1. Out of the residues in the range 414-426 meeting the condition of being without any contact (Cβ under 8 Å) to a residue 60 or more places away in the chain and in contact with a Leu (Cβ under 8 Å, 6 or more places away or on another chain), tell me which one is surrounded by the fewest Cβ atoms within 10 Å (Cβ to Cβ).
2. Pull out all pairs, ordered by first then second residue, where Cβ-Cβ is under 6 Å, the residues are six or more apart or on different chains, the first lies in the range 86-98 and is over 16 Å from THR423 (Cα atoms), and the second is polar (S, T, N, Q).
3. For the range 366-379, indicate whether the set of residues that are over 24 Å from the mean Cα position of the chain (by Cα) and aliphatic (A, V, I, L, M) is non-empty.
4. Please tell me if ASP439 is in contact (Cβ under 8 Å) with a residue 12 or more places away in the chain and in a helix (DSSP H, G or I).
5. Would it be correct to say that LEU148 is within 22 Å of the chain's Cα centre (by Cα), at pLDDT 90 or above and either closer than 22 Å to ARG67 by Cα or surrounded by fewer than 19 Cβ atoms within 10 Å (Cβ to Cβ) (or both)?
6. Would you pick out the residues in the range 73-89 that are part of a helix (DSSP H, G or I), surrounded by fewer than 19 Cβ atoms within 10 Å (Cβ to Cβ) and either modelled with pLDDT of 75 or more or aromatic (Phe, Trp, Tyr) (or both)?
7. Would you check which residues across the range 185-200 are at pLDDT 50 or above and exposed (fewer than 13 other Cβ atoms within 10 Å of the Cβ) and list them?
8. Exactly one of (1) assigned to a loop (DSSP other than H, G, I, E, B); (2) at pLDDT below 95; (3) touching a helix residue (DSSP H, G or I) at 6+ places or on another chain (Cβ under 7 Å) is unmet by LEU430. Its number?
Amino acid sequence: MQTGMHTDTERCVRAVQSKDARFDGWFFTAVLTTGIYCRPSCPVVPPKPENMVFHPSAAACQQAGFRACKRCRPDTTPGSPEWNRRADLTARAMRLIADGVVDREGVPGLAARLGYSTRQIERQLLAELGAGPLALARAQRAQTARLLIETTALPMAQIAFAAGFSSLRTFNDTVREVYALTPSGLRARAPRGRSVPAPASGALALRLPFRAPLTPGNLFGHLAATAVPGVEEWLPHSPKGVGGTPTGAYRRTLRLPYGHGVVALTPHPDHIACRLTLTDLRDLTVAVSRCRRLLDLDADPAAVDDRLRADPALAPLVDKAPGRRVPRTVDEAEFAVRAVLGQQVSTAAARTHAARLVTAHGEPVDDPEGGLTHLFPTAAALAEADPDALAMPRTRRTTLTTLVGRLADGSLDLGPAGDWADTRARLLALPGFGPWTADVIAMRALGDPDAFLPTDLGVRRAARGLGLPSTPAALTARATAWRPWRAYAVQYLWATDSHPINFLPE
């Protein structure tokens, strides 16, 4: 699979005729005779090839006048893996749009963050996605509106505001145009039995789709084993969520643009159940985007595993548990601080250091459903802390205070607008930052799928056990064949150990 797949008509037709779900999100099928657009795996009888045209995004389909299919709901597909794999202008713009930047700051705000003119941004997105930033943000607002219409009892005016629409009229017109139904008609069609929380609670029960396969052990195991008390927890029985048999839930607090939230995430065979409690519903789109990023749900496991399986040393690991994801983060600055706290100490010690910072500098929150007590402290709050009060060696204290100072004054940006290579170089220039710290931040905070940890003790131990070179230089040379998915190779190598990060908590 590759960029611009929608231009390969023959390949797209084969994917539609075979109803191949692996291609959902890579392109969309617009049907000329019906005026609707679908995902490739739509369950209806495939149209004739001459009646199909293909677009790179749902927004492009909507721009061309097509309505979303009511059967396959193409707006609910996993996002294109391209935006996770790439670090160019288009990918960075798409990550910012998913994070709600256009809704909050407009296209000028998006352009300013990327360092380009609005005209350049428009031209680049139109060339690759068939739609500009406003159209892409509008498609995202429509999806958020549908979600709120179908899963809550909120009044339509409140939904329009929460989804980011400027007026109720624009909201009504957009829903009718995209779904060929009025908002009330869309609510009437919603499956019965859906959870409808009280509007004041802000609680929503959602299903987060992903491309199969997905092995949840290392994903949730890592998050649970490294959870910071007060900010994160693993509950052995999940709160009431969406269908299926609960296996437990990873819960954490979220710092969001308009307020804060609490999320509970539970793995199921065909989706991740997500229960969100928000203080401001305008944060729904951003919260969902960050949860998907945390769990790496837009990854393309087929492409990753095919590349890694080609190495005879990794093939048995891939075949044993295909679809491993890279556990990421909902807050890049938070993870960078935690990476510094974890330098040369055990997982338990890193959690203890982080918990102290949370208690001293985090913002308290209420959590009636569990034991979450705080938001992780901001870089600004940590920058104002007394360095002498930090219970850690002097050199690491200097590393931490320099990092939070740069994050607080904006001279270091770890957000989705940044270039991975440039950000990594900036990290390495900080005192106390070696390759391991910079690369683990690149892997889990920046989202670079090719970040590699050749100096990590767990990676080197696994390499020796598999008969691979174990010195950093030789292992890096061997790992060239795993590019651009070396971050996923790290997950498979780590999985050879019996550390709790590799298993769902019992």
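1. In the first step, residues of the range 414-426 are kept if they are without any contact (Cβ under 8 Å) to a residue 60 or more places away in the chain; the result is 422-426.
Adding the requirement that they be in contact with a Leu (Cβ under 8 Å, 6 or more places away or on another chain) leaves 423-424, 426.
On the way: THR423: 23, ARG424: 20, ARG426: 18.
My answer is ARG426.
2. Note: pairs meeting the criteria are THR90/GLN124; ALA98/SER289.
3. No, the conditions are met nowhere in the range 366-379.
4. Yes; evaluated as a whole, the condition is true for this residue.
5. Criteria not met by LEU148.
6. Across the range 73-89, the qualifying residue is only LEU89.
7. ALA188, ARG189, PRO191, ARG192, listed by residue number.
8. Of everything listed in (1) assigned to a loop (DSSP other than H, G, I, E, B); (2) at pLDDT below 95; (3) touching a helix residue (DSSP H, G or I) at 6+ places or on another chain (Cβ under 7 Å), LEU430 misses just condition (2).
The values are calculated or read from the model by the stated rules, or taken from the named source; none is laboratory data. Since the structure is predicted, the reported quantities are computational estimates derived from the model, not experimental observations. Here Cβ is always computed from backbone atoms with ideal geometry, including for glycine, and neighbour counts include all displayed protein chains.
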